[in-house]
1. Go through (1) surrounded by 17 or more Cβ atoms within 10 Å (Cβ to Cβ); (2) over 24 Å from D375 (Cα atoms); (3) among the aliphatic types (A, V, I, L, M) and name the single condition A230 misses.
2. How many residues does segment 480-496 hold that are β-branched (V, I, T) and open to solvent by less than 50 Å² (accessible area, probe 1.4 Å)?
3. Pairs needed: first member in segment 381-399, over 13 Å from L273 (Cα atoms) and part of a helix (DSSP H, G or I); second member anywhere, charged (D, E, K, R) and open to solvent by 20 Å² or more (accessible area, probe 1.4 Å); C-beta distance under 9 Å; at least 6 residues apart or different chains.
4. Suppose we filter segment 171-205 for residues that are of a type in the set (S, T, N, Q), within 18 Å of C581 (Cα to Cα) and open to solvent by less than 30 Å² (accessible area, probe 1.4 Å); how many remain?
5. Could you tell me whether K320 is loosely packed, with under 14 Cβ neighbours inside 10 Å and basic (K, R)?
6. For segment 285-296, indicate whether the set of residues that are open to solvent by less than 50 Å² (accessible area, probe 1.4 Å), farther than 28 Å from P208 by Cα and at pLDDT below 85 is non-empty.
7. Being of a type outside the set (D, E, K, R) and either over 25 Å from Q377 (Cα atoms) or within 36 Å of the chain's Cα centre (by Cα) (or both) is the requirement here; does L586 meet it?
8. Which residues, counting only those in segment 532-586, are basic (K, R) and more than 25 Å from G503 (Cα to Cα)?
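The values are calculated or read from the model by the stated rules, or taken from the named source; none is laboratory data. Just so you know, these numbers come straight off a predicted model, no measurement behind them. Methodologically, a virtual Cβ is constructed for each residue, glycine included, from the backbone with ideal geometry; neighbour enumeration extends over all protein chains shown. Please note that ligands, DNA and RNA were not included when accessible areas were found on the heavy atoms of the full protein model with its side chains. Shrake-Rupley method; radii C 1.70, N 1.55, O 1.52, S 1.80 Å.
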Amino acid sequence: MALAGCPDSFLHHPYYQDQVEQTPPPSPRDLAGPGFPAPADRLTGHQEDDVDLEALVNDVNASLESLYPACSMQSETVPLLQNGQHARSQPPPVAPRPPQAQRSQPVHIVAVRRLQEEDQQLRTSSLPAIPNPFPELCGPGSPPVLTRGSLPPGQAAAKQDVKIFSEDGTSKVVEILADMTARDLCQLLVYRSHCVDDNSWTLVEHHPHLGLERCLEDHELVVQVESTMASESKFLFRKNYAKYEFFKNPTNFFPEQMVTWCQQSNGGHSQLLQNFLNSSSCPEIQGFLHVKELGRKSWRKLYVCLRRSGLYCSTKGVSKEPRHLQLLAGLEESSVFSLTAGRKQYGAPTDHGFCIKPNKVRNETKELRLLCAEDEQGRTCWMTACRLLKYGMLLYQNYRIPPQRKALLPSFSTPVRSVSENSLVAMDFSGQTGRVIENPAEAQSAALEEGHAWRKRSTRMNILGSQSPLHPSTLSTVIHRTQHWFHGRISREESHRIIKQQGLVDGLFLLRDSQSNPKAFVLTMCHHQKIKNFQILPCEDDGQMFFSLDDGNTKFSDLIQLVDFYQLNKGVLPCKLKHHCIRVAL
């Protein structure tokens, strides 16, 4: 007689044989099979039987390996829960069935629970444990590892190849994520090119066929901007020291006669930027601009005012009444570009042109709103105001965030070696060990003595017929060519173009060969948004060749000493040399 849910071997147990001999054959409902609750009367009868239950439990626990296959005769049988329902998980591996001669032990509820616990442990251990990359963001009760169900359902971020060009024409293809910003890409390029990251690097959107270019804002997505560019357009990796210079010196960017307010402003120039960043204020930039008519080659000089809602021109003189204002261009779905060849390509009346280009325009020039200012300061004022009115606080956040992010992203930071006048000390190496000279008078005399000793050594070696390593014919005339601020044989116009591209800020400079005098050099620098040139002439003193830009009053043995001196001292220059124009090969 076979019982439901139990194998035939259970009937051969001595306990069940005694019950068969003394009582009639029991029905299936009277037996407590694995996972089935026993009836109340049957449990009561168990307590009255003269059977050692503790010995049975110990016997069952000792032979668990033979118990589970005895209850899993059929291939589709799975472990049962206490309520008699099948578990949804997969069964553990079935052990080989014991020989027929070995008798199985009776089923007990403790054994079933232990099997369920082992099954749960088996399922949990089979899943890979993924460490949580952000444990500090987890709450007190959150697990330190991520389970498979806790992972986000979305796929990994898409990647895309972007080609970046440098000023010298070299290029590099970089694989970036779809959500990478312009600032992140610049940091990556700085890290790979081993440049100094001074937060002045920028990504330039260049359209050679349209003669337009602009610097991307740090928060803009590179892939999104590239989707709006034509096939002829490209990205340039360039310095731009004037990117956030208006936060430091707002009065140099916004002339007083060009800025007005629709409402009474409490502050003067100190509150200028706050009024621009405050969305409740109503700043206006006003003045005359040369405006190119859409679809025509002619230019008209109009009175224009820039507001948060867009750029307007007056149809009646300088009147700003609403009935006399006509919308020229909006700022929401447009970007502001500077003209690289305004006179040649569009017949612009001046060299200080800019453009408001809709984002949807790629190759067409009919929808470009071309404008021209009278001078560079006027163009800078209009373009900076457009950026502030369009992005607002985002620009200020971009200006403040890079120093904070540099501390959070040490992998992209590069060592910066800064040598100033405060980091150099006089040393005396006349004894066995060197010592720092703290007395200023002693330090000055030591410097003079060292200078005289250097001249004596150089003169003595020249007399002997061998050139000194520091002879001006060998080292002094070529050592400057290894510096980033020296740009070699470029024209005056090219040097001015480089200065404009890298930002018209005070102290921006470069050195180049002179075109009029082959033995001379030229220092090109910017001051008050104007470019000035200073000629560096060679001069001879006591048989030695020196360089000077103030008719020999201040002489230097090479151009490196000259640049170092004017970086620390103003001298005859309008300001100290602060930033140098640099070109980096990718």
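1. (1)
2. 1
3. M383/R214; K390/R308; K390/E332
4. Going through segment 171-205 one residue at a time, the tally reaches 3.
5. no
6. So the first thing to find is which residues in segment 285-296 are open to solvent by less than 50 Å² (accessible area, probe 1.4 Å), and the list is 285-287, 289-293.
Of the ones still in play, those that are also farther than 28 Å from P208 by Cα are 285-287.
Add one more test, that the residue is at pLDDT below 85, and what stays is none.
Among the residues of segment 285-296, not one is open to solvent by less than 50 Å² (accessible area, probe 1.4 Å), farther than 28 Å from P208 by Cα and at pLDDT below 85, which makes the answer no.
7. Against the criterion (of a type outside the set (D, E, K, R) and either over 25 Å from Q377 (Cα atoms) or within 36 Å of the chain's Cα centre (by Cα) (or both)), L586 qualifies.
8. Hit for segment 532-586 is K555, nothing else.
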